[in-house]
Amino acid sequence: MFSAMIKGVAAILVAIIISSLILSLLLRFTSLTEVSLKWVTTGLSFLSLFIGGFLSGKKGKEKGMMLGIGTALLFSLFVFLVQYLGYQTTFTSTQYLFHGIFLLLCMLGAIMGVNVGSHK
């Protein structure tokens, strides 16, 4: 169960890195600004968490809600540690809201991943 959550978090991080690379190239070589891509980055982060939850549920094959919660909490812990240890700041109220949405999306993805992955 824990290895499925780790694979889900790894998938989240890979998806976020790829999204960041694509968005940075768009910012560098087009006239787009960070403000114009605000909702795109939010949507890509939501999609990344959903995909990570889905893969976690598919690998775990049971208890999708628990896998989704665990995957989202591991990701949030990782983000918190990077932010706290690297930047000496804690979460803001907006970040708590986003991480709550991350939790719901990851749970939904894991539940769907368990149901798609288990054709008995």
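The values are calculated or read from the model by the stated rules, or taken from the named source; none is laboratory data. Bear in mind the structure is a predicted one, so any value in this text is a computation, not a measurement. We place every Cβ from the backbone using ideal geometry, glycine too, and count neighbours over all the protein chains shown.
Numbers below:
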| read-out | value |
| --- | --- |
| Residue count, the stretch 59-89 (criterion: assigned to a helix (DSSP H, G or I) and either hydrophobic (A, V, I, L, M, F, W, C) or free of Cβ contacts under 8 Å to residues at least 24 places away in the same chain (or both)) | 19 |
| Residues located in the stretch 56-71, provided they are among the polar types (S, T, N, Q) and more than 14 Å from Leu104 (Cβ to Cβ) | Ser56 |
| Exclusive hit being assigned to a helix (DSSP H, G or I), surrounded by fewer than 16 Cβ atoms within 10 Å (Cβ to Cβ) and either of a type outside the set (S, T, N, Q) or out of contact with any Gly (no Cβ under 7 Å at 6 or more places or on another chain) (or both), set Ile22, Ile12, Ile16 | Ile22 |
| Which numbered condition Gly109 fails, given (1) at pLDDT below 95; (2) buried (at least 18 other Cβ atoms within 10 Å of the Cβ); (3) not hydrophobic (A, V, I, L, M, F, W, C) | (1) |
| Contacts under 6 angstrom Cβ, first residue in the stretch 31-48 being at positive phi, partner among the hydroxyl-bearing types (Ser, Thr, Tyr) and assigned to a helix (DSSP H, G or I), 6 or more apart | none |
| Failed item in (1) out of contact with any Phe, Trp or Tyr (no Cβ under 7 Å at 6 or more places or on another chain); (2) among the aliphatic types (A, V, I, L, M); (3) farther than 16 Å from Ser3 by Cα, with Leu74 passing the rest | (3) |
